[in-house]
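The values are calculated or read from the model by the stated rules, or taken from the named source; none is laboratory data. Treat the numbers as computed from the prediction; the structure is a model and nothing was measured. Cβ placement follows ideal geometry from the backbone for every residue including glycine, while neighbour counts extend to all protein chains displayed. Note: accessible area is taken over every heavy atom of the protein model, side chains too, but ligands, DNA and RNA are not part of it. Shrake-Rupley method; radii C 1.70, N 1.55, O 1.52, S 1.80 Å.
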Amino acid sequence: MMNTYRRIVLAQRPKGEIASECFRLETLPVPELVPGQILVKNHYLSLDPYMRGRMSGRKSYANPQPLNETMIGGTVGEVIASENPQWKIGDRVAGMFGWSELGISDGQGLRRISADIPASAYLGILGMPGMTAWYGINQILKPVAGKTVVISSASGAVGGTAGQLAKRLGCRVVGIAGGPEKCAYVQQALGFDACIDYKQADWKNAFASATPDGIDAVFENVGGEIFDASLARMNPFGRIALCGMISGYNGEDIPILNSRALLTMRLMVQGFIVTEHPECWPQGLSELEVLVRDQQLQFRESVSQGLESAPEALIGLLKGRNFGKQLVRF
Ligand SMILES: NC(=O)c1ccc[n+]([C@@H]2O[C@H](COP(=O)([O-])OP(=O)(O)OC[C@H]3O[C@@H](n4cnc5c(N)ncnc54)[C@H](OP(=O)(O)O)[C@@H]3O)[C@@H](O)[C@H]2O)c1
């Protein structure tokens, strides 16, 4: 049994883009368990765009990440010591132990994870990002066969899943992603009907060609110019699931220039935070698990090695350097 473990705390709040100085790596002694507690060795940490918002002191839907405390984050791992009769050594568990090699818990809020699916999937397609895709598609957009659905950040953890779910409903699905490699993956591996590379100069023409009948539903992950391009092509009574606006997470303004379309096309825009809908999680996660087990849904991961790599990997995620779900492996 190890005597010490490492964690990363928020050392200072970023101004604009995150810098590595915002974080501090610490080594701590492993605490003694008291009755009822378990000790979990984390194998993977999830890095997610919401972490950028928590790092700033700004008012939002959740409280800021406190300074000098373990950075928030989802983890998967296994129980390595137990003083709790409901958990035994070797049990696989998903939790929110943060940027830390170990987690201590009384078991509350932990999720047992299946042994026949790679544990890392429970941080992506079978975790919060997958659930976000499921909620946005099934509870907000509710697209029907033949309608055109646009998904931004289409190669990512949320977008890649959302697009596949819309395809399964019989929709025409058009992705938007950065670069030819991501777009090829979105079309060939994820089965979208088209994917537009927004880094190409003439991408808006290509986007128009890919949505010849206009757009009925948008799963928006980016905001800004990309969202505006969709707004300009919306059909009457179109629906928009406003999931994320990552183009503004470093504090940039995110203007909506084509706001006229909201009125003239009588659009429904619904922002949502997936953690505010716990009642949907059991159904969503079990449906996703069936589809993943049957290989009906595809996903990919970007894995960085070692806790100390987490700051750089989060910086990369916010710049689009990830390709699929961004994880850290310990
Ligand atoms: N509402 C909720 O409850 C909820 C829950 C989870 C996630 N989200 C949101 O869902 C979105 C996707 O999250 P994810 O975890 O699946 O991340 P992801 O899509 O796997 O990774 C982030 C991607 O965002 C794109 N990006 C970054 N900066 C950009 C910019 N300035 N312009 C355009 N694209 C940019 C990059 O892809 P490209 O290379 O293609 O640009 C990057 O790879 C985020 O906005 C996130 O905040 C919301």
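Per-residue extension of 0.36 nm, minus the Cα-Cα distance of residue 2 and residue 58, leaves a gain of 16.4 nm for this segment.
Relative to its Kirkwood radius, the Cα radius of gyration of the chain gives an Rg/Rh of 0.99. Amide H contacts for residue 43 (H built 1.01 Å from N in the peptide plane; partners 5 or more residues away or on another chain; cut-off under 5 Å): 76, 77, 78. Amide H to amide H distances under 5 Å link residue 218 with 150, 239, 240, 241, where only residues 5 or more positions off or on other chains count and H is placed in the peptide plane. Note on segment 83-242: antiparallel DSSP beta bridges, both residues inside, total approximately 10 percent of the bridges counted.
For the chain, the longest piece that avoids every one of the trypsin sites (Lys or Arg not before Pro) found in DSSP loops with at most 15 other C-beta atoms within 10 Å covers 89-198. Of the whole protein surface, residue 203 contributes about 10 Å² of accessible area at a 1.4 Å probe radius. Cysteines of the chain lacking any other cysteine Cβ under 4.7 Å from their own Cβ: 22, 171, 243, 280.
Residues whose amide H lies under 5 Å from that of residue 107, counting only those 5 or more places away or on a different chain, are 38; hydrogens are built 1.01 Å from N in the peptide plane. Treating each Cα of segment 70-169 as an identical point scatterer and summing with the Debye formula, the log10 of I(q)/I(0) at q = 0.10, 0.12, 0.23, 0.25 Å⁻¹ comes to -0.37, -0.51, -1.13, -1.26. Of the GluC sites (Glu not before Pro) found in segment 241-330, those in coil by DSSP whose Cβ has at most 12 other Cβ atoms within 10 Å are 252.
Sorted largest first, the principal axis extents computed over the alpha-carbon atoms of segment 128-275 equal 36, 35, 34 Å. Mean-square fluctuation check for the chain, GNM, Cα pairs under 10 Å: which of 33, 231, 190 is largest? The residue that fluctuates most here is 33. Annotation: segment 244-330 has a Kirkwood hydrodynamic radius of 16.8 angstrom, from the mean reciprocal C-alpha pair distance. With all protein chains in place and ligands, DNA and RNA left out, the 1.4 Å accessible area ranks 299, 97 as 299, 97, largest first. Working note: Karplus 6.51/-1.76/1.60 with θ = phi - 60° gives segment 152-168 the couplings 8, 6, 6, 8, x, 4, 6, x, x, 6, 4, x, 5, 5, 5, 4, 5 Hz, where Gly and Pro are set to x.
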